[in-house]
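*Asks:* Below: one structure in structure tokens.
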Amino acid sequence: MIRENVRMILEGLPPGVGLVAAAKTRSAADILEAVEGGLEIVGENYIQEAEAVFEQVGRRVKWHMIGHLQRNKVKKAVQIFDMIETVDSVRLAREIDKQCEKAGMRMPVLVEVNSGREENKSGVMPEEAPGLIREISALDHVEIQGLMTMGPFTGDPEEARPYFRTTRELSETVRSMDIPGVDMKYLSMGMSNSYKVALEEGANLVRIGTLIFGERSGGPGVN
Ligand SMILES: *Cc1c(COP(=O)(O)O)cnc(C)c1O
């Protein structure tokens with residue numbers, strides 16, 4: 001089933017759009033089945049979970065961090081992930097920069113935007129994003145490649161549209177600022193129920209869990 005689900009989703013995606021399998025709570029066997037269906041990017045929310053499956057799946061896929069990242073986990077994160085989609089503070093970016101300098105590497109990152117302006121949600125407020133991106137762009141070992149957003153979850157994908165649109169407009173604003181070292185090429189938006197709307201609003205990375213792997217036991221468990 002997982003294999004076929006991935007194939008079906010990939011067939012429906014326009015060229016140039018990347019599928020990130022949101023793999024929280026899923027086993028390495030589940031992920032490997034998705035890989036057989038053509039999956040190329042795995043998204044993980046928690047470092048410990050990522051470490052466990054990474055050991056078995058390895059570098060045959062790209063790994064994206066899609067959950068909130070604590071600074072004390074950055075050292076481990078940079079050993080696993082090819083992209084961190086959830087940078088929302090200078091402090092976090094500085095820690096990533098520091099650990100990447102030590103490891104002799106550069107980390108592609110997306111800035112997470114709290115497009116719904118929700119309290120207690122991670123992500124930077126939309127109006128603060130340009131300033132944050134300018135500051136982070138000065139770091140030598142972090143490379144900003146776009147924006148990521150969750151948006152409020154209501155169950156009705158049409159209700160997510162304005163938040164996706166705001167995020168796309170923000171990415172165009174930042175692009176027009178022409179900040180050296182910043183390449184706004186990715187827009188990571190949309191989940192199982194909302195990815196089609198996200199695509200219409202310009203997403204080129206979609207993060208899908210349930211449609212690939214089935215319902216998670218124990219509720220949505222987002223972040
Ligand atoms: C779980 C998760 C998704 C995917 O959610 P589904 O509804 O299962 O598709 C996308 N993005 C993030 C950050 C997640 O944690």
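*Asks:* Quick one: compute the contact order of the chain, relative version, from alpha carbon pairs under 8 angstrom and 6+ residues apart, as a percent.
*Replies:* This gives 18 percent for the chain.
*Asks:* Something else about it: Which residues' amide hydrogens lie under 5 Å from the amide hydrogen of I41, considering only partners 5 or more residues apart or on another chain, with H built in the peptide plane?
*Replies:* Counting only residues 5 or more places away or on other chains, the set is A21, K62.
*Asks:* Another question, if that's okay. Using modelled backbone amide H atoms (1.01 Å from N, in-plane), which distant-in-sequence or interchain residues come within less than 5 Å of Y186's amide H?
*Replies:* Under 5 Å from the amide H of Y186 lie the amide H atoms of G146, L147, each far enough along the sequence or on another chain.
*Asks:* Let me ask something else about it. Place a +1 charge on the Cβ of each Lys and Arg in the chain and a -1 charge on the Cβ of each Asp and Glu, then give the dipole magnitude about the Cα centre in debye, rounded to the nearest 20.
*Replies:* 500
*Asks:* Can you compute 3J(HN,Hα) from phi for each residue in the range 192-203, using the Karplus curve 6.51 cos²θ - 1.76 cosθ + 1.60 with θ = phi - 60°, rounded to whole Hz and x for Gly and Pro?
*Replies:* Per residue, the Karplus-derived 3J(HN,Hα) values read 3, 7, 10, 5, 5, 5, 4, 4, 4, 9, x, 4 Hz.
*Asks:* If you don't mind, another one. Of K76/K98; K73/K185; K24/K76; K24/K73; K24/K121; K62/K185, which ones are farther than 23 Å apart at the Cα? Write down the numbers at each step before the final one.
*Replies:* Working: K76/K98 13 Å; K73/K185 26 Å; K24/K76 17 Å; K24/K73 17 Å; K24/K121 18 Å; K62/K185 17 Å.
Check vs 23 Å cut-off fails for K73/K185.
*Asks:* Using a 1.4 angstrom probe, figure out how much accessible area the chain has per residue, in square angstrom, rounded to the nearest whole.
*Replies:* Accessible surface, normalised per residue, equals 47 Å².
*Asks:* Please check: in the Gaussian network model of the chain (C-alpha springs, under 10 Å), which one of T173, T86, T210 has the largest mean-square fluctuation.
*Replies:* Per the Cα network of the chain with a 10 Å cutoff, T173 tops the list.
*Asks:* At a 1.4 Å probe, what is the % contribution of carbon and sulfur to the accessible area of the chain?
*Replies:* 48
The values are calculated or read from the model by the stated rules, or taken from the named source; none is laboratory data. Since the model is a prediction, treat every value here as computed from it, not as a measurement. Positions of Cβ are backbone-derived with ideal geometry, glycine not excepted, and every protein chain shown enters the neighbour counts. Side chains included, ligands, DNA and RNA excluded: accessible areas come from the protein's heavy atoms. Shrake-Rupley method; radii C 1.70, N 1.55, O 1.52, S 1.80 Å.
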